[in-house]
Amino acid sequence: MFEGKSFIQILNMGGWAVWFLFFLSILSVMVILIKAVEFWRKSKIRRMDFINGVLYQLRKGRIDEAVQFCEKTSNTPMSPVTKAGLIAYRDKEGNIIQAMDREIMMETVKLEKFVTILGSIGSVSVYIGLFGTVLGIIRAFHDISTVGSGGISVVIMGVSEALIATAMGLFVAIPAVVAYNFFAKYIDKFVVNMHYCESAIEDLLLGKTSGKTNEED
């Protein structure tokens, strides 16, 4: 059936649905590459290495150095969260926990950017493929009824061309769903790291604050 046909001709056999799915596949690959590079860069710094680096400066009483350490390690989502808490503590502006919680929400939104596109592509691609197949089958039977001739071979040919849309839909949906689940796991890992870092910084800074208050009492 496909012998001697180019890739463009095969796409044309499937109709507009296959072309639309083809463009969705390009979009899906672009998002996967962008997020894979982004998450790889953000995961290069290990959680304990970052936290120990910050805590080392704080135990020495070097708040400014701890902020500078966060700025040097800005690739990890833990950095802006920790920096927000340190600045709130240093400048006595607002609540430390609230400052870090706000930053966690902002970083989570950044991490989820474009990932929902993969989820949407994975969800709708199969249905677009099925819709294209149904339209192809309807078109095939309409052509047979209009011509008034043709046997089972003509029907099979029309159905096989229509099924290209379903195959394309699965081809696009499966990688998108796998990538979406993979990135969702990574986002959960980053969120856990940010909350763990928040807890460690909170214990140290608020512990110092409580100690000073008790000494004054």
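The values are calculated or read from the model by the stated rules, or taken from the named source; none is laboratory data. Every value quoted in this text rests on a predicted model; they were computed, and no experiment measured them. Ideal geometry is used to build each Cβ from the backbone, glycine not excepted, and the neighbour counts take in all protein chains shown.
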On the given criteria, is Val109 surrounded by 13 or more Cβ atoms within 10 Å (Cβ to Cβ) and either touching a helix residue (DSSP H, G or I) at 6+ places or on another chain (Cβ under 6 Å) or without any contact (Cβ under 8 Å) to a residue 12 or more places away in the chain (or both)?
-> no
In region 100-146, how many are outside any helix (DSSP H, G or I) and modelled with pLDDT under 85?
-> 0
Run down Val54, Val31 and say which single residue is among the β-branched types (Val, Ile, Thr), in a helix (DSSP H, G or I) and at pLDDT below 90.
-> Val54
State whether the residues of region 32-53 include one that is more than 28 Å from the chain's Cα centre (by Cα), over 30 Å from Ile128 (Cα atoms) and surrounded by 13 or more Cβ atoms within 10 Å (Cβ to Cβ).
-> yes
Scan of region 72-99 for residues that are assigned to a helix (DSSP H, G or I), surrounded by fewer than 19 Cβ atoms within 10 Å (Cβ to Cβ) and of a type in the set (Lys, Arg), ordered by number = Lys72, Arg90
Could you tell me whether any residue of region 79-97 is within 30 Å of Ala173 (Cβ to Cβ) and of a type outside the set (Gly, Ala, Ser)?
-> no
Might you let me know whether region 61-71 holds any residue that is at pLDDT below 85, over 22 Å from the mean Cα position of the chain (by Cα) and either surrounded by fewer than 16 Cβ atoms within 10 Å (Cβ to Cβ) or not charged (D, E, K, R) (or both)?
-> yes
Residue that is farthest from the chain's Cα centre (by Cα) [pool: residues in region 147-164 that are at pLDDT below 70 and part of a helix (DSSP H, G or I)] | Val147
